[in-house]
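Read through the structure below, which is laid out as C-alpha coordinates, and then see the notes.
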Amino acid sequence: MKHLFIAIVTMGFFPVLACAGGSTSTNNVNNVNNVNNVNNVNNVNNVNNTNNTNNTNNTNNCTDQCAAQQSYCDSSVVMNCVTQPNGCLGFSVVTDCATSAMICQMVEEAASCVVSCNDTCSAAGDHRCDGNELEQCTADGNGCLSFTLLEDCAATARACTLTPSPGCACVDTCAEDACAGNVISDCAADAHGCLHPVTGEDCAASGKVCQLAGGVATCVCSGGCTIGAQQCVGTAIQSCVDNGSGCGVWQGGTDCAGTSQQCRMNGAVAECYTPTGPVTLLSENFDTWVPAGWTVVDGGATGYTWVQCNGCSYENLSLFTIKSGAVALIDSDYFQAFDDSLVTPTLNCSGYTTVTLEFDHWLKLYTDDWGEVGVSTNGGGSWTTVRTWNVNTQNVHETINLSSYVAGQANVKLRFRYVANFDWAWMIDTVRVTAQ
(Lines give C-alpha, C1' and ligand atoms only; values in the text may rest on other atoms or scores of the structure.)
Protein backbone atom coordinates (compact mmCIF):
# COMPACT_ATOMS: atom_id res chain seq x y z
CA MET A 1 0.00 0.00 0.00
CA LYS A 2 1.10 3.57 -0.51
CA HIS A 3 2.03 5.74 2.44
CA LEU A 4 2.09 9.49 2.62
CA PHE A 5 4.54 11.21 4.84
CA ILE A 6 5.86 14.75 5.14
CA ALA A 7 9.57 15.43 5.13
CA ILE A 8 10.37 18.97 6.28
CA VAL A 9 13.79 20.28 5.34
CA THR A 10 14.77 23.80 5.97
CA MET A 11 15.71 25.59 2.76
CA GLY A 12 15.62 29.22 3.61
CA PHE A 13 12.06 29.42 4.97
CA PHE A 14 10.36 27.14 2.42
CA PRO A 15 9.10 23.67 3.53
CA VAL A 16 9.43 20.88 1.01
CA LEU A 17 6.83 18.17 0.58
CA ALA A 18 7.88 14.85 -0.92
CA CYS A 19 5.83 11.83 -1.89
CA ALA A 20 7.54 8.45 -2.06
CA GLY A 21 6.68 4.87 -2.86
CA GLY A 22 8.38 1.62 -1.86
CA SER A 23 10.11 1.01 1.44
CA THR A 24 10.09 3.81 3.86
CA SER A 25 13.80 3.85 4.56
CA THR A 26 14.73 3.86 0.91
CA ASN A 27 12.21 6.51 0.17
CA ASN A 28 13.51 8.62 3.01
CA VAL A 29 16.99 8.50 1.61
CA ASN A 30 15.66 9.30 -1.80
CA ASN A 31 13.63 12.11 -0.39
CA VAL A 32 16.66 13.52 1.29
CA ASN A 33 18.56 13.20 -1.92
CA ASN A 34 15.73 14.88 -3.71
CA VAL A 35 15.84 17.67 -1.22
CA ASN A 36 19.57 17.91 -1.71
CA ASN A 37 19.04 17.98 -5.42
CA VAL A 38 16.64 20.85 -4.97
CA ASN A 39 19.20 22.58 -2.85
CA ASN A 40 21.81 22.00 -5.49
CA VAL A 41 19.56 23.52 -8.08
CA ASN A 42 19.04 26.49 -5.85
CA ASN A 43 22.76 26.78 -5.34
CA VAL A 44 23.29 26.75 -9.08
CA ASN A 45 20.66 29.41 -9.43
CA ASN A 46 22.39 31.46 -6.79
CA VAL A 47 25.64 31.19 -8.73
CA ASN A 48 23.78 32.11 -11.88
CA ASN A 49 22.28 35.09 -10.12
CA THR A 50 25.77 36.13 -9.11
CA ASN A 51 26.89 35.71 -12.68
CA ASN A 52 23.97 37.77 -13.84
CA THR A 53 24.96 40.48 -11.42
CA ASN A 54 28.53 40.25 -12.61
CA ASN A 55 27.39 40.56 -16.22
CA THR A 56 25.44 43.63 -15.27
CA ASN A 57 28.52 45.05 -13.58
CA ASN A 58 30.89 44.04 -16.39
CA THR A 59 32.98 47.11 -17.20
CA ASN A 60 32.66 46.31 -20.88
CA ASN A 61 28.96 47.12 -20.63
CA CYS A 62 29.28 50.59 -19.08
CA THR A 63 30.50 54.02 -20.15
CA ASP A 64 32.91 56.28 -18.27
CA GLN A 65 31.25 59.52 -17.23
CA CYS A 66 34.49 61.46 -16.68
CA ALA A 67 38.27 61.31 -17.03
CA ALA A 68 40.55 59.97 -14.30
CA GLN A 69 41.59 62.66 -11.74
CA GLN A 70 39.04 65.13 -13.16
CA SER A 71 37.23 67.18 -10.52
CA TYR A 72 34.77 70.02 -10.14
CA CYS A 73 32.92 72.02 -7.51
CA ASP A 74 29.28 71.24 -6.91
CA SER A 75 28.51 74.30 -4.78
CA SER A 76 30.71 73.69 -1.70
CA VAL A 77 31.26 69.99 -2.46
CA VAL A 78 34.43 68.66 -4.09
CA MET A 79 33.53 66.03 -6.70
CA ASN A 80 36.29 63.71 -7.98
CA CYS A 81 36.28 61.27 -10.87
CA VAL A 82 36.89 57.80 -9.39
CA THR A 83 36.20 54.19 -10.31
CA GLN A 84 32.65 53.22 -9.37
CA PRO A 85 31.54 49.78 -8.13
CA ASN A 86 30.50 48.89 -11.68
CA GLY A 87 34.10 49.39 -12.85
CA CYS A 88 33.47 52.62 -14.76
CA LEU A 89 34.64 56.13 -13.97
CA GLY A 90 32.11 58.51 -12.44
CA PHE A 91 31.98 61.52 -10.09
CA SER A 92 31.72 60.92 -6.33
CA VAL A 93 31.70 63.25 -3.33
CA VAL A 94 35.14 63.70 -1.77
CA THR A 95 34.41 66.33 0.84
CA ASP A 96 31.97 69.10 1.65
CA CYS A 97 34.10 72.19 2.24
CA ALA A 98 31.22 73.84 4.13
CA THR A 99 31.76 71.47 7.06
CA SER A 100 35.11 73.19 7.58
CA ALA A 101 33.71 76.69 6.99
CA MET A 102 35.52 76.77 3.64
CA ILE A 103 34.46 77.08 0.02
CA CYS A 104 35.15 74.89 -3.00
CA GLN A 105 37.23 76.52 -5.75
CA MET A 106 38.77 75.34 -9.00
CA VAL A 107 42.53 75.97 -8.88
CA GLU A 108 44.53 74.98 -11.99
CA GLU A 109 41.60 72.83 -13.17
CA ALA A 110 41.43 70.96 -9.84
CA ALA A 111 38.71 71.38 -7.21
CA SER A 112 39.87 71.99 -3.63
CA CYS A 113 38.70 73.56 -0.36
CA VAL A 114 39.97 77.08 0.33
CA VAL A 115 39.30 79.60 3.07
CA SER A 116 38.51 82.33 0.57
CA CYS A 117 38.67 82.89 -3.18
CA ASN A 118 42.14 82.56 -4.63
CA ASP A 119 41.44 84.09 -8.02
CA THR A 120 43.82 82.95 -10.78
CA CYS A 121 42.57 85.45 -13.37
CA SER A 122 41.48 89.08 -13.29
CA ALA A 123 38.08 89.29 -14.89
CA ALA A 124 35.44 86.89 -16.09
CA GLY A 125 35.56 86.58 -19.86
CA ASP A 126 39.33 87.07 -20.17
CA HIS A 127 41.15 84.53 -22.34
CA ARG A 128 44.61 83.04 -22.48
CA CYS A 129 46.51 80.45 -24.51
CA ASP A 130 48.13 77.72 -22.48
CA GLY A 131 50.18 76.21 -25.26
CA ASN A 132 47.53 75.37 -27.84
CA GLU A 133 44.73 75.18 -25.25
CA LEU A 134 42.31 78.11 -25.27
CA GLU A 135 41.16 78.97 -21.74
CA GLN A 136 38.57 81.47 -20.42
CA CYS A 137 38.33 83.19 -17.04
CA THR A 138 35.05 82.08 -15.44
CA ALA A 139 33.42 82.47 -12.03
CA ASP A 140 32.30 79.41 -10.14
CA GLY A 141 29.29 79.18 -7.81
CA ASN A 142 31.23 80.98 -5.08
CA GLY A 143 32.27 83.80 -7.38
CA CYS A 144 35.90 82.61 -7.52
CA LEU A 145 37.70 83.32 -10.78
CA SER A 146 39.85 80.76 -12.58
CA PHE A 147 40.79 79.78 -16.12
CA THR A 148 38.88 76.84 -17.56
CA LEU A 149 39.51 75.00 -20.82
CA LEU A 150 37.39 76.11 -23.77
CA GLU A 151 39.06 74.18 -26.59
CA ASP A 152 42.19 72.16 -27.28
CA CYS A 153 43.20 73.58 -30.66
CA ALA A 154 45.86 70.90 -31.17
CA ALA A 155 43.11 68.28 -31.39
CA THR A 156 42.11 69.79 -34.75
CA ALA A 157 45.67 70.56 -35.94
CA ARG A 158 45.24 74.27 -35.19
CA ALA A 159 46.99 76.79 -32.94
CA CYS A 160 45.61 78.87 -30.09
CA THR A 161 45.52 82.61 -30.79
CA LEU A 162 44.22 85.70 -29.03
CA THR A 163 44.28 87.99 -32.07
CA PRO A 164 42.29 89.30 -33.75
CA SER A 165 39.94 87.44 -31.39
CA PRO A 166 40.42 84.46 -29.07
CA GLY A 167 40.08 81.15 -30.86
CA CYS A 168 41.84 78.43 -32.84
CA ALA A 169 43.74 79.52 -35.95
CA CYS A 170 44.66 77.43 -38.97
CA VAL A 171 48.21 76.17 -39.37
CA ASP A 172 48.18 75.48 -43.11
CA THR A 173 50.62 72.77 -44.22
CA CYS A 174 50.27 73.44 -47.94
CA ALA A 175 49.51 76.34 -50.26
CA GLU A 176 48.80 74.51 -53.51
CA ASP A 177 48.55 71.04 -54.99
CA ALA A 178 51.70 69.02 -55.56
CA CYS A 179 52.89 66.00 -57.51
CA ALA A 180 54.49 63.25 -55.43
CA GLY A 181 56.00 61.41 -58.36
CA ASN A 182 52.92 60.63 -60.42
CA VAL A 183 50.55 60.77 -57.45
CA ILE A 184 48.44 63.90 -57.00
CA SER A 185 48.68 65.55 -53.59
CA ASP A 186 45.60 67.77 -53.28
CA CYS A 187 45.88 70.85 -51.06
CA ALA A 188 42.41 70.57 -49.51
CA ALA A 189 40.54 72.48 -46.80
CA ASP A 190 39.39 70.54 -43.74
CA ALA A 191 36.19 71.17 -41.78
CA HIS A 192 37.76 74.32 -40.28
CA GLY A 193 38.99 75.71 -43.60
CA CYS A 194 42.61 74.80 -42.87
CA LEU A 195 44.72 73.58 -45.79
CA HIS A 196 46.42 70.19 -45.62
CA PRO A 197 47.76 67.80 -48.30
CA VAL A 198 45.49 64.87 -49.15
CA THR A 199 46.67 61.96 -51.30
CA GLY A 200 44.70 61.90 -54.54
CA GLU A 201 44.78 60.02 -57.83
CA ASP A 202 47.73 57.89 -58.92
CA CYS A 203 48.11 59.04 -62.52
CA ALA A 204 50.32 56.07 -63.40
CA ALA A 205 47.30 53.78 -62.94
CA SER A 206 45.79 55.32 -66.09
CA GLY A 207 49.06 55.55 -68.01
CA LYS A 208 49.41 59.28 -67.33
CA VAL A 209 51.74 61.56 -65.39
CA CYS A 210 51.06 64.15 -62.72
CA GLN A 211 51.44 67.74 -63.92
CA LEU A 212 51.25 70.92 -61.84
CA ALA A 213 49.91 74.03 -63.57
CA GLY A 214 48.74 77.17 -61.81
CA GLY A 215 48.86 75.43 -58.44
CA VAL A 216 46.52 72.64 -59.60
CA ALA A 217 47.75 69.07 -60.08
CA THR A 218 46.11 66.96 -62.78
CA CYS A 219 46.79 63.74 -64.65
CA VAL A 220 47.90 64.37 -68.22
CA CYS A 221 49.20 62.33 -71.12
CA SER A 222 52.98 62.26 -71.41
CA GLY A 223 54.58 62.49 -74.82
CA GLY A 224 52.69 60.07 -76.99
CA CYS A 225 50.95 61.32 -80.12
CA THR A 226 47.73 62.83 -81.40
CA ILE A 227 45.03 60.16 -81.63
CA GLY A 228 44.26 59.45 -85.27
CA ALA A 229 47.65 60.61 -86.60
CA GLN A 230 49.79 58.38 -88.81
CA GLN A 231 53.51 58.12 -89.51
CA CYS A 232 56.03 56.07 -91.45
CA VAL A 233 58.69 54.27 -89.46
CA GLY A 234 60.97 52.82 -92.07
CA THR A 235 58.65 50.90 -94.39
CA ALA A 236 55.96 50.40 -91.73
CA ILE A 237 52.80 52.44 -91.24
CA GLN A 238 52.01 53.36 -87.65
CA SER A 239 48.76 54.84 -86.31
CA CYS A 240 48.23 56.76 -83.08
CA VAL A 241 45.53 55.04 -81.00
CA ASP A 242 43.89 55.62 -77.63
CA ASN A 243 45.58 53.63 -74.88
CA GLY A 244 42.29 53.41 -73.00
CA SER A 245 42.91 56.49 -70.86
CA GLY A 246 42.61 59.14 -73.53
CA CYS A 247 46.34 59.17 -74.29
CA GLY A 248 47.73 58.47 -77.74
CA VAL A 249 50.32 55.76 -78.37
CA TRP A 250 51.85 54.59 -81.64
CA GLN A 251 50.64 51.21 -82.85
CA GLY A 252 52.22 49.23 -85.65
CA GLY A 253 50.27 48.50 -88.80
CA THR A 254 51.07 47.51 -92.37
CA ASP A 255 54.71 46.97 -93.31
CA CYS A 256 54.97 48.08 -96.93
CA ALA A 257 58.09 45.96 -97.38
CA GLY A 258 55.79 42.94 -97.46
CA THR A 259 54.67 44.03 -100.93
CA SER A 260 58.13 45.32 -101.96
CA GLN A 261 56.95 48.90 -101.44
CA GLN A 262 57.98 51.87 -99.36
CA CYS A 263 56.03 53.97 -96.86
CA ARG A 264 55.46 57.67 -97.45
CA MET A 265 53.33 60.47 -96.09
CA ASN A 266 50.62 61.73 -98.40
CA GLY A 267 49.61 64.80 -96.44
CA ALA A 268 48.68 63.47 -93.00
CA VAL A 269 48.10 59.93 -94.28
CA ALA A 270 50.78 57.23 -94.37
CA GLU A 271 50.59 55.00 -97.42
CA CYS A 272 52.49 52.28 -99.25
CA TYR A 273 53.78 53.12 -102.72
CA THR A 274 56.05 51.71 -105.40
CA PRO A 275 59.00 54.05 -106.01
CA THR A 276 60.07 54.96 -109.54
CA GLY A 277 63.65 56.06 -108.90
CA PRO A 278 65.51 57.06 -105.72
CA VAL A 279 63.34 56.44 -102.68
CA THR A 280 62.95 59.16 -100.07
CA LEU A 281 63.24 57.44 -96.71
CA LEU A 282 63.07 60.66 -94.72
CA SER A 283 62.11 64.27 -95.45
CA GLU A 284 61.85 66.77 -92.59
CA ASN A 285 61.56 70.58 -92.54
CA PHE A 286 60.79 70.87 -88.78
CA ASP A 287 57.45 72.57 -89.36
CA THR A 288 56.09 70.59 -86.37
CA TRP A 289 57.90 69.82 -83.11
CA VAL A 290 58.99 67.27 -82.09
CA PRO A 291 58.58 65.76 -85.60
CA ALA A 292 56.79 62.41 -85.76
CA GLY A 293 59.17 59.59 -84.89
CA TRP A 294 62.03 61.94 -83.93
CA THR A 295 63.43 62.12 -80.39
CA VAL A 296 65.39 64.75 -78.48
CA VAL A 297 68.08 63.44 -76.12
CA ASP A 298 68.75 66.06 -73.43
CA GLY A 299 72.15 64.76 -72.36
CA GLY A 300 73.60 67.93 -70.82
CA ALA A 301 72.03 70.39 -68.41
CA THR A 302 68.34 69.53 -68.15
CA GLY A 303 66.10 71.85 -70.13
CA TYR A 304 68.84 73.20 -72.40
CA THR A 305 68.54 71.22 -75.61
CA TRP A 306 67.23 71.09 -79.19
CA VAL A 307 64.12 73.21 -79.88
CA GLN A 308 62.10 74.37 -82.85
CA CYS A 309 62.79 77.93 -83.99
CA ASN A 310 60.00 79.20 -86.22
CA GLY A 311 60.62 82.94 -86.29
CA CYS A 312 61.96 82.81 -82.73
CA SER A 313 64.04 85.55 -81.12
CA TYR A 314 67.43 83.85 -81.52
CA GLU A 315 69.82 86.65 -82.44
CA ASN A 316 71.54 84.84 -85.33
CA LEU A 317 68.44 83.30 -86.93
CA SER A 318 68.49 85.82 -89.78
CA LEU A 319 72.06 84.78 -90.64
CA PHE A 320 70.85 81.29 -91.62
CA THR A 321 69.89 82.49 -95.08
CA ILE A 322 69.33 79.13 -96.80
CA LYS A 323 66.70 77.92 -94.34
CA SER A 324 63.23 77.17 -95.72
CA GLY A 325 61.17 78.19 -92.67
CA ALA A 326 61.25 76.58 -89.24
CA VAL A 327 64.59 75.12 -88.15
CA ALA A 328 65.95 72.86 -85.43
CA LEU A 329 68.08 74.99 -83.08
CA ILE A 330 70.38 74.31 -80.16
CA ASP A 331 71.81 77.44 -78.51
CA SER A 332 74.67 76.97 -76.01
CA ASP A 333 75.08 80.63 -75.12
CA TYR A 334 74.42 79.80 -71.44
CA PHE A 335 76.57 78.82 -68.47
CA GLN A 336 75.58 75.20 -69.05
CA ALA A 337 77.11 71.99 -70.40
CA PHE A 338 75.63 70.53 -73.60
CA ASP A 339 75.79 66.99 -75.02
CA ASP A 340 72.47 66.76 -76.81
CA SER A 341 71.23 64.80 -79.82
CA LEU A 342 68.40 65.14 -82.32
CA VAL A 343 67.59 61.58 -83.47
CA THR A 344 65.65 60.53 -86.59
CA PRO A 345 62.95 57.87 -86.77
CA THR A 346 64.03 54.32 -87.61
CA LEU A 347 64.86 53.95 -91.32
CA ASN A 348 64.67 50.66 -93.22
CA CYS A 349 67.60 50.61 -95.62
CA SER A 350 67.33 46.92 -96.42
CA GLY A 351 67.28 46.20 -100.14
CA TYR A 352 69.21 49.38 -100.95
CA THR A 353 72.84 49.69 -101.95
CA THR A 354 73.06 53.47 -101.91
CA VAL A 355 71.87 55.67 -99.04
CA THR A 356 72.43 59.45 -99.00
CA LEU A 357 71.87 62.08 -96.30
CA GLU A 358 71.33 65.74 -97.21
CA PHE A 359 70.66 68.75 -94.97
CA ASP A 360 71.25 72.50 -94.64
CA HIS A 361 72.95 73.90 -91.56
CA TRP A 362 74.51 76.92 -89.83
CA LEU A 363 77.13 76.19 -87.16
CA LYS A 364 79.01 78.82 -85.17
CA LEU A 365 81.69 77.56 -82.75
CA TYR A 366 83.75 79.12 -79.97
CA THR A 367 86.06 76.79 -78.03
CA ASP A 368 85.89 73.07 -77.26
CA ASP A 369 82.56 72.65 -79.08
CA TRP A 370 81.57 70.71 -82.18
CA GLY A 371 78.73 69.16 -84.14
CA GLU A 372 78.60 65.67 -85.60
CA VAL A 373 76.40 63.25 -87.55
CA GLY A 374 76.31 59.66 -86.36
CA VAL A 375 74.59 56.47 -87.50
CA SER A 376 73.22 53.45 -85.66
CA THR A 377 72.24 50.12 -87.22
CA ASN A 378 70.71 48.69 -84.05
CA GLY A 379 68.00 51.24 -83.37
CA GLY A 380 70.19 53.57 -81.30
CA GLY A 381 71.89 50.96 -79.16
CA SER A 382 75.33 52.06 -80.34
CA TRP A 383 76.60 54.86 -82.59
CA THR A 384 79.29 55.44 -85.21
CA THR A 385 80.41 58.98 -86.04
CA VAL A 386 80.23 59.73 -89.77
CA ARG A 387 81.17 63.40 -89.93
CA THR A 388 82.39 66.00 -87.41
CA TRP A 389 82.42 69.81 -87.74
CA ASN A 390 84.83 71.68 -85.43
CA VAL A 391 85.09 74.92 -87.41
CA ASN A 392 82.43 77.48 -88.30
CA THR A 393 80.24 76.08 -91.07
CA GLN A 394 77.51 78.47 -92.06
CA ASN A 395 74.82 78.25 -94.76
CA VAL A 396 76.12 74.97 -96.16
CA HIS A 397 74.13 72.25 -97.91
CA GLU A 398 75.68 68.91 -96.93
CA THR A 399 75.52 65.67 -98.95
CA ILE A 400 76.89 62.61 -97.13
CA ASN A 401 77.09 59.09 -98.60
CA LEU A 402 75.99 56.69 -95.85
CA SER A 403 76.07 53.57 -98.01
CA SER A 404 79.10 51.98 -96.35
CA TYR A 405 77.45 52.39 -92.94
CA VAL A 406 73.77 51.58 -93.44
CA ALA A 407 73.08 50.01 -96.87
CA GLY A 408 71.17 46.75 -96.42
CA GLN A 409 70.34 47.53 -92.74
CA ALA A 410 66.74 47.51 -91.52
CA ASN A 411 67.06 49.26 -88.13
CA VAL A 412 68.89 52.50 -88.95
CA LYS A 413 68.82 55.78 -87.02
CA LEU A 414 70.75 59.02 -87.61
CA ARG A 415 71.60 61.64 -85.03
CA PHE A 416 72.77 65.24 -84.98
CA ARG A 417 74.92 65.54 -81.85
CA TYR A 418 76.06 68.87 -80.40
CA VAL A 419 78.71 69.16 -77.63
CA ALA A 420 79.45 72.58 -76.12
CA ASN A 421 79.82 74.64 -72.94
CA PHE A 422 78.82 78.33 -73.05
CA ASP A 423 79.50 78.64 -76.78
CA TRP A 424 77.34 79.58 -79.79
CA ALA A 425 74.75 77.51 -81.69
CA TRP A 426 73.83 75.01 -84.41
CA MET A 427 70.80 75.33 -86.73
CA ILE A 428 69.62 72.54 -89.07
CA ASP A 429 66.94 72.46 -91.79
CA THR A 430 65.65 70.39 -94.75
CA VAL A 431 66.87 66.92 -93.77
CA ARG A 432 66.45 64.28 -96.49
CA VAL A 433 67.55 60.64 -96.68
CA THR A 434 67.26 58.95 -100.09
CA ALA A 435 68.07 55.41 -101.16
CA GLN A 436 68.20 53.25 -104.29
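A compact table of results
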{"item": "Within segment 128-214: Cβ-based charge dipole about Cα centre, in debye rounded to nearest 20 (Lys, Arg +1; Asp, Glu -1)", "result": "140 debye"}
{"item": "Where the chain is the region considered: accessible area per residue in Å², 1.4 Å probe", "result": "54 Å²"}
{"item": "Global form of segment 84-143, assessed from the alpha-carbon gyration tensor, a/c cut-off 1.5", "result": "oblate"}
{"item": "Rounded FRET efficiency, nearest 0.05, which uses the C-beta distance separating N378 from V209 and R0 of 35 Å", "result": "0.75"}
{"item": "Unit charges at the beta carbon, dipole of the chain: most positive-side option, L402, Y352, N421", "result": "Y352"}
{"item": "Cα-based helix-to-principal-axis angle, 24-57 vs the chain, degrees rounded to 10", "result": "50 degrees"}
{"item": "Rounded Å value of the spacing that divides the Cα centres of segment 265-309 and segment 205-254", "result": "17 Å"}
{"item": "Built amide H within the under 5 Å cut-off of N411, gap 5+", "result": "C349"}
{"item": "Most fluctuating residue given options D172, D242, D64, as computed from a GNM of the chain linking Cα atoms under 10 Å", "result": "D64"}
{"item": "Rounded percent of accessible protein surface that carbon and sulfur make up, segment 265-390, 1.4 Å probe", "result": "47 percent"}
{"item": "Förster radius 56 Å - calculated FRET efficiency between A337 and D172, Cβ distance, rounded to 0.05", "result": "0.90"}
{"item": "For the chain, built as a Gaussian network whose Cα springs stay under 10 Å, the top-fluctuating residue of C62, C160, C232", "result": "C62"}
{"item": "Net charge of Cβ neighbours under 12 Å - reference Y418; Lys, Arg +1; Asp, Glu -1", "result": "-4"}
{"item": "Computed magnitude of the charge dipole of segment 235-331 (debye, nearest 20; Cβ of K, R +1, Cβ of D, E -1)", "result": "180 debye"}
{"item": "Cα gyration tensor shape for segment 265-379, rounded if a/c is under 1.5, else prolate or oblate", "result": "prolate"}
{"item": "Cβ-placed point charges (K, R +1; D, E -1), dipole of the chain about Cα centre in debye, nearest 20", "result": "1940 debye"}
{"item": "Between segment 335-385 and segment 156-180, the alpha-carbon center distance in angstrom", "result": "56 Å"}
{"item": "Residue-by-residue Karplus 3J(HN,Hα) for segment 289-302, coefficients 6.51, -1.76, 1.60, Hz, glycine and proline x", "result": "9, 6, x, 3, x, 7, 9, 10, 9, 8, x, x, 5, 4"}
{"item": "Carbon and sulfur %, accessible surface of segment 58-116 computed with the full protein complex present, 1.4 Å", "result": "49 percent"}
{"item": "Prolate/oblate/rounded label for segment 145-227 (Cα gyration tensor, a/c 1.5)", "result": "prolate"}
{"item": "Residue-span extension gain [T83 to A98] - 0.36 nm each, minus C-alpha spacing", "result": "2.9 nm"}
{"item": "Nitroxide proxy distance, nm - points 7 Å out along Cα→Cβ at C129 and D255", "result": "7.2 nm"}
{"item": "Backbone N under 17 Å from the N392 label point (7 Å along Cα→Cβ), restricted to segment 414-431", "result": "423-427"}
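The values are calculated or read from the model by the stated rules, or taken from the named source; none is laboratory data. Quick caveat: nothing in here was measured; it's all calculated off a predicted structure. Methodologically, a virtual Cβ is constructed for each residue, glycine included, from the backbone with ideal geometry; neighbour enumeration extends over all protein chains shown. These accessible areas exclude ligands, DNA and RNA; they are computed on the full protein's heavy atoms, side chains included. Shrake-Rupley method; radii C 1.70, N 1.55, O 1.52, S 1.80 Å.
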